[in-house]
1. Checking the condition assigned by TED's automatic domain parsing to the domain that holds Ala115 and modelled with pLDDT of 95 or more, which residue from Tyr242, Tyr261 passes?
2. hydroxyl-bearing (Ser, Thr, Tyr), within 22 Å of Arg305 (Cα to Cα) and either buried (at least 21 other Cβ atoms within 10 Å of the Cβ) or outside the structural domain of Gly89 (by TED's automatic domain parsing) (or both) - does that describe any residue in the range 211-221?
3. State all residues of the range 56-76 that are out of contact with any strand residue (DSSP E or B) (no Cβ under 7 Å at 6 or more places or on another chain) and part of a helix (DSSP H, G or I); if no residue qualifies, say none.
4. Which condition breaks for Ala189 when tested against (1) within 26 Å of Val320 (Cα to Cα); (2) at pLDDT below 95; (3) in a helix (DSSP H, G or I)?
5. Check the range 296-306 and report whether any residue there is under 20 Å from Cys163 (Cα atoms) and surrounded by 11 or more Cβ atoms within 10 Å (Cβ to Cβ).
6. Filter the range 282-323 down to the residues that are part of a loop (DSSP other than H, G, I, E, B) and within 18 Å of Val169 (Cα to Cα) and list them by number.
7. Could you tell me whether any residue of the range 199-213 is more than 14 Å from Gly148 (Cα to Cα) and small (Gly, Ala, Ser)?
8. For Ala202, indicate whether it is surrounded by fewer than 19 Cβ atoms within 10 Å (Cβ to Cβ) and either at pLDDT 95 or above or more than 20 Å from Ala139 (Cα to Cα) (or both).
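The values are calculated or read from the model by the stated rules, or taken from the named source; none is laboratory data. The structure presented is a predicted model; accordingly, all values stated were derived computationally and were not measured. All Cβ positions, glycine included, derive from the backbone under ideal geometry; neighbour counts span all protein chains shown.
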Amino acid sequence: MKLKQLSIMMATLCVAASATAADPKLGIVYDAGGKFDKSFNQSAFEGAERFKKETGIKYFEAQASSDTQAEQVLRGLARKKLDLIAAVGFSQTQAVQKVAAEFPTVRFVLIDAVAKGNNINSILFKEEEGSYLVGVAAAMASKSKKVGFVGGMDIPLIRTFSCGYTQGVKAANPKVETFSNMVGTTAAAWNDPAKGGELARAQFDRGVDVVFAVAGGSGMGTLQTAKEKGKLAIGVDSNQNYLHPGTMLTSMVKRVDLAIYDSFMQMKNGQWKPGVSYKGLKEGGVDWALDKDNRAVVSPEIEKRVNEAKTNIINGKVKVHDYRTNSACPV
């Protein structure tokens, strides 16, 4: 993308950054999924919107559809002398590290990966803990004793979801079998709902009756197929229960919204710090969703068992293995 075109895009996407000179100048860059993906990026957007609503402070926003573009977009925002830029997604790691080094007075927040720099705060989530909970729910809800997992891009992060899910399944019932498929190995894997639906259909044909979709936009196809086939599905990142009430067993909620909201608020209050932080069940970073849209399919027994598992993880009685520590899953 030419610099002139980039500046036009930035001007189109961005809004006035602050109401007064004392307000921080803030920005957010979504990854290829876009801010209305009903999942990861949308959660980040909702956190930024909550901050804006509460404080009256607006923010710049843009989307990076590729790694190369992420660097250009981040640099464009940094040149506007923003105080803090939030980069949503691991795919922006190298771009954040490079641009942060070029603009040492601009602070950066990176979601889902670690970038090194004195002006960078990397926020990671314990996806394995939340996935363990929905794995318990899946095993208990399954009548066929076969559950599935459809991941987006085959990377350690998505395998962490899968591994945590499988650990929860086996803890609830060792006899339940787990089937797992990934949409692809490139960024296109996040935006292929047809493939997401195809993989779910193949699992259902093998007897699976509950499927966990961790595939961004591709997961929309998985959830839709579950509805069509009369099977149960589990959403991810945002609470997706509302998408298909009655066939959504639950959602593994990943509070990217809180990460963005807290970062913006810390910047406003002069409390922002660089470093690496991890958000799990104990920190309110992940959870499972129970509301009016899935209440009918979550039995009291499932609710009790999942909440017991949650308590045991928080108090340390249960330790969920993180796939990323050794690139292996114990079950």
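1. Values: Tyr242 fails: assigned by TED's automatic domain parsing to the domain that holds Ala115.
Result of the check over Tyr242, Tyr261: Tyr261.
2. Taking the range 211-221 and keeping what is hydroxyl-bearing (Ser, Thr, Tyr), we get 218.
Restricting the remaining residues to those that are within 22 Å of Arg305 (Cα to Cα) gives none.
Within the range 211-221, none of the residues are hydroxyl-bearing (Ser, Thr, Tyr), within 22 Å of Arg305 (Cα to Cα) and either buried (at least 21 other Cβ atoms within 10 Å of the Cβ) or outside the structural domain of Gly89 (by TED's automatic domain parsing) (or both).
3. Asp67, Thr68, Gln69, Glu71, Gln72, Arg75, Gly76
4. Evaluating Ala189 over (1) within 26 Å of Val320 (Cα to Cα); (2) at pLDDT below 95; (3) in a helix (DSSP H, G or I) leaves (1) as the failure.
5. The first filter runs over the range 296-306 and keeps only residues under 20 Å from Cys163 (Cα atoms), leaving 305-306.
Next, from what is left, pick out any that are surrounded by 11 or more Cβ atoms within 10 Å (Cβ to Cβ): 305-306.
Looking for residues that are under 20 Å from Cys163 (Cα atoms) and surrounded by 11 or more Cβ atoms within 10 Å (Cβ to Cβ), one finds at least one in the range 296-306, hence yes.
6. Once the filter is applied, which keeps residues that are part of a loop (DSSP other than H, G, I, E, B) and within 18 Å of Val169 (Cα to Cα), the range 282-323 yields Ala289, Val298, Ser299, Lys317, Val318, Lys319, Val320, His321, Asp322.
7. Taking the range 199-213 and keeping what is more than 14 Å from Gly148 (Cα to Cα), we get none.
No, the range 199-213 has no match at all.
8. Numbers: surrounded by fewer than 19 Cβ atoms within 10 Å (Cβ to Cβ): yes; either at pLDDT 95 or above or more than 20 Å from Ala139 (Cα to Cα) (or both): yes.
Yes.
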